[in-house]
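The values are calculated or read from the model by the stated rules, or taken from the named source; none is laboratory data. Note that the coordinates shown come from a computational prediction; the quantities given were computed from them, not determined experimentally. Neighbour counts run over all protein chains shown; Cβ positions are idealised from the backbone, glycine included.
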Amino acid sequence: MRRILPLLAAAALGTLGGTLAMPQFRAAAIVQLHYDRLDPLWQYSGKVMSCTFCHVGKGGGAPWNPFGQALQKGFASNPRANFSQVLSAVLQANGDADGDGYPDAVEIFARTLPGDPASHPDRPLAEVQAEYDAAGGAAQYAPPKGQGAPKGR
Ligand SMILES: [Ca+2]
């Protein structure tokens, strides 16, 4: 329930329209990647996971940055998967979308931007990677329960 409420709140805001609405993917990603733990009012904050996490522009939309493009490729390669499954699969693949030397999932763990090479942890990879692995590695970003595998037809 704790994971569902923010999504419901985001959906409710969405029905009101306007700039208060948080896009569905962003709300889902914030919860799945545990960024909601940074700020109890994350649903109303534009600072918790900004649009530039996946998009080039601060207002979202096209074009997407390298991490956003990695997610798009994930959708393309598995059209039946939902957003949470694609996000999890991209992180499990251990890619480094922006090519800054820090894998996407490690950057997410360190709260830097996986799609911007100018944003990366200021500590050696081995150090951050060890903390990431100790915290559970990619498994900590698994899809919410009940969304583990793509649905068959
Ligand atoms: Ca990176």
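Pairs meeting the criteria (first residue in segment 97-111 and under 20 Å from Val48 (Cα atoms) and touching a residue at least 40 places away in the same chain (Cβ under 8 Å), second residue surrounded by 23 or more Cβ atoms within 10 Å (Cβ to Cβ) and of a type outside the set (Lys, Arg), beta carbons under 8 Å, at least 6 apart or on different chains) are Ile108/Leu91; Ile108/Pro114. Of the listed requirements (1) more than 16 Å from the ligand (Cβ to nearest atom); (2) touching a helix residue (DSSP H, G or I) at 6+ places or on another chain (Cβ under 8 Å); (3) assigned to a helix (DSSP H, G or I), Asp133 misses just one: (2). Answer with yes or no whether Gly99 is in contact with a strand residue (DSSP E or B) (Cβ under 7 Å, 6 or more places away or on another chain) and outside the structural domain of Met22 (by TED's automatic domain parsing). It is false that Gly99 is in contact with a strand residue (DSSP E or B) (Cβ under 7 Å, 6 or more places away or on another chain) and outside the structural domain of Met22 (by TED's automatic domain parsing). Of all residues in segment 77-84, none satisfies being surrounded by 14 or more Cβ atoms within 10 Å (Cβ to Cβ), within 16 Å of the ligand (Cβ to nearest atom) and outside the structural domain of Pro23 (by TED's automatic domain parsing).
Within segment 43-66, the set of residues being at pLDDT 90 or above and not in a loop (DSSP other than H, G, I, E, B) comprises Cys51, Thr52, Phe53, His55, Trp64, Pro66. Across segment 89-113, the number of residues qualifying as near the ligand (Cβ under 7 Å from one of its atoms), among the aromatic types (Phe, Trp, Tyr) and under 13 Å from the mean Cα position of the chain (by Cα) comes to 0. In segment 70-88, the residues that are touching a residue at least 60 places away in the same chain (Cβ under 8 Å) reach residues that are among the small types (Gly, Ala, Ser) with C-beta atoms within less than 8 angstrom, at least six apart or across chains, in these pairs: Asn78/Ala89; Arg80/Gly152; Ala81/Gly74; Ala81/Ala89; Ser84/Ala28; Gln85/Gly148; Gln85/Ala149.
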